[in-house]
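Visitor: Let me begin by handing over the structure; questions about it come next.
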Amino acid sequence: MESNSNYKYGIKSTFSQCLALIGAGFLQVGVGTELICSTVIIGALSDYSNENEWLTMTNEQMSWFGSLLYLCTPLGSLISSLVLDRLGHKNCMIITNIPYLVSQIMFFYAENVETMYACSIMMGLSVGFSGGPFSAYIGEVCEPKLRGALMSATNVFFFSGSLLFATIYAITRQWRLTVLINMAIPIITIVILCMSPDSPMWLLSKGKNEKAQRTLSKLRGWVTYDKCSTEFHEMVVFMSANKNSSNDKNGKNNSESSWKQLFQPDVLKPFRLLLIYFFFSNLLSGVPFAPYLVEVFRTFGADVDVQWTVAFSLCIAIVGGILTVLLVNRLGKRFLTLTTLSICSICYISIGLIGIYWTNSKQIKSWLLLTCYLISTFVASFGIMPIGWILLTEIFPMKSRNITCSICSTLSFILSFFMTKYYPDVVDLVDFYNTFTIFGFGGLIGCVYFYFCLPETENKTLQEISDFFK
């Protein structure tokens, strides 16, 4: 495929692609509410002064409730990878809202811990099912020059969903009423996705060339065929090349080639890189603390309303996400990764050292701890948190993108499960503040690895990125 400098569509193209991604954005709003659910509910159930709440959980039950969502994403991703090629990205994104809506209804009527576990499992299925279709859809409908920015914009939707849920609870102080109001999100998402276009690449893979051509024309600003003929021809060539690479010498399709391709260098190298990226991203972006964030803020000891502090942390994360949209094209993903991972590591090490060795004013100490954590939240949302998911849409070849997107999403959430489930055990083993110190030094190791191994993918076509890993 030629350089993206040949694609000169103008502002109408940008507007058209933004319009097409509204449904995917609302899907991320839903994912954001699902992932903040456990934080809000665990915080509410650990507030024993609330006499109106009859449901209670032990610390062990809370750890399972907070982590089951991540554990159950593999099943959702597995189902997604099996049906994605047949149903297409859009239909799969619509389906993912069904278990999400069911979980919210079950939350509202929950009267025991088992039902809460079932709700967490349902949300895990929803989140897991959405990962592959969502990431592949973004990568295939966007121009190379806009792909990074628009993928980053969906991260803003994610944080907006979390902020919306946390703010509703901060106002109502009733988590059941919060989930009742939140039921509107999956319904709105389904309606919007029904009006969204399919991916031109997927339409080509199904032999629907004319529809793919019309869809691409709409996505590039409702232009004529002549205006987007070069890009469409490159898509056809790209699809043909990947289709031929999946056939044996006799021209027959190799049924097991999809899995064999996972061990080819142009798939295995980016696969390994992305898994390592997700590990350090999760470690330094607050994932291990997420279900227990209310208790973390209470431990810091600052004289603040904890629920509003959670909402504020999500608000600054949105600002970070917006900055990613505005600057990722200019600064590049490699620079943002190295810079933000370094700053987050320093903030975590500072929290650990201040928490243990600061012996002066407790009030100053508490505000320093909270400030360092909020800075790390902002910086992570500006770099390491969204960029991993942007890379997911870019670095895999078309022949294996659907399955690798689903597998990587799955493994990312499995990492999140272990980090959230066993975070309380790590704290018991090494102490609360030492946990931050260990995570921080781990992040510095990640900086060294990415300095040598992470290429720049910004403003590169999917073919150019794929060629780099061959």
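The values are calculated or read from the model by the stated rules, or taken from the named source; none is laboratory data. Not measured: the values here are computed from a predicted model. When we count neighbours, we look across all protein chains shown, and the Cβ atoms used for this are built from the backbone with ideal geometry, even at glycine. SASA here: full protein model, heavy atoms, side chains in, ligands and nucleic acids out. Shrake-Rupley method; radii C 1.70, N 1.55, O 1.52, S 1.80 Å.
Condition check ((1) modelled with pLDDT of 85 or more; (2) in contact with an Asp or Glu (Cβ under 9 Å, 6 or more places away or on another chain)) across all residues:
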position: Glu2; (1), (2): no, yes
position: Val29; (1), (2): yes, no
position: Ile36; (1), (2): yes, no
position: Leu55; (1), (2): no, yes
position: Met62; (1), (2): yes, no
position: Ser67; (1), (2): yes, no
position: Thr73; (1), (2): no, no
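Visitor: I'd like to check something: does segment 415-425 contain any residue that is at positive phi and either open to solvent by less than 40 Å² (accessible area, probe 1.4 Å) or at pLDDT 90 or above (or both)?
Guide: No, that holds for no residue.
Visitor: While we're on this one: Output the number of the condition that Leu275 fails; it satisfies all remaining conditions of (1) farther than 24 Å from Ala153 by Cα; (2) at pLDDT 90 or above; (3) open to solvent by 40 Å² or more (accessible area, probe 1.4 Å); (4) of a type outside the set (Asp, Glu).
Guide: Every listed condition holds for Leu275 apart from (1).
Yes/no per residue for (1) of a type outside the set (Gly, Ala, Ser); (2) at pLDDT 85 or above; (3) not in a helix (DSSP H, G or I):
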| position | (1), (2), (3) |
| --- | --- |
| Ile346 | yes, yes, no |
| Ile356 | yes, yes, no |
| Asn360 | yes, no, yes |
| Lys365 | yes, yes, no |
| Phe396 | yes, no, yes |
| Arg401 | yes, no, no |
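Visitor: While we're on this one: Does any residue of segment 352-364 turn out to be crowded, with 16+ Cβ neighbours inside 10 Å and of a type in the set (Ser, Thr, Tyr)?
Guide: Within segment 352-364, not a single residue is crowded, with 16+ Cβ neighbours inside 10 Å and of a type in the set (Ser, Thr, Tyr).
Visitor: Might you check whether a residue that is open to solvent by less than 30 Å² (accessible area, probe 1.4 Å), of a type in the set (Phe, Trp, Tyr), at pLDDT 60 or above and touching a helix residue (DSSP H, G or I) at 6+ places or on another chain (Cβ under 7 Å) occurs anywhere in segment 219-234?
Guide: yes
Visitor: How many residues, within segment 371-398, are more than 21 Å from Glu458 (Cα to Cα), buried (at least 20 other Cβ atoms within 10 Å of the Cβ) and in contact (Cβ under 8 Å) with a residue 40 or more places away in the chain?
Guide: Total meeting the criteria: 4.
Visitor: Would you check if Pro197 is under 19 Å from Lys90 (Cα atoms) and either open to solvent by 30 Å² or more (accessible area, probe 1.4 Å) or of a type in the set (Asp, Glu) (or both)?
Guide: Yes, satisfied.
Visitor: Turning to a different aspect of this structure: Which pairs turn up if I take residues in segment 119-137 that are closer than 17 Å to Ile36 by Cβ and in a helix (DSSP H, G or I) and look for partners that are among the polar types (S, T, N, Q) and at pLDDT 85 or above with beta carbon separation below 6 Å, at least 6 apart in sequence or on another chain?
Guide: Listed pairs, sorted by first residue: Cys119/Ser103; Met122/Ser103; Met123/Ser103; Ser126/Thr96; Ser130/Thr96.
Visitor: Regarding Ile316, is this residue open to solvent by less than 60 Å² (accessible area, probe 1.4 Å) and farther than 21 Å from Phe157 by Cβ? Full working, then the answer.
Guide: Numbers: open to solvent by less than 60 Å² (accessible area, probe 1.4 Å): yes; farther than 21 Å from Phe157 by Cβ: no.
No, not satisfied.
Visitor: Could you say which residue among Arg330, Arg334 is surrounded by fewer than 18 Cβ atoms within 10 Å (Cβ to Cβ), more than 30 Å from Ile41 (Cα to Cα) and touching a Leu at 6+ places or on another chain (Cβ under 7 Å)?
Guide: Arg334
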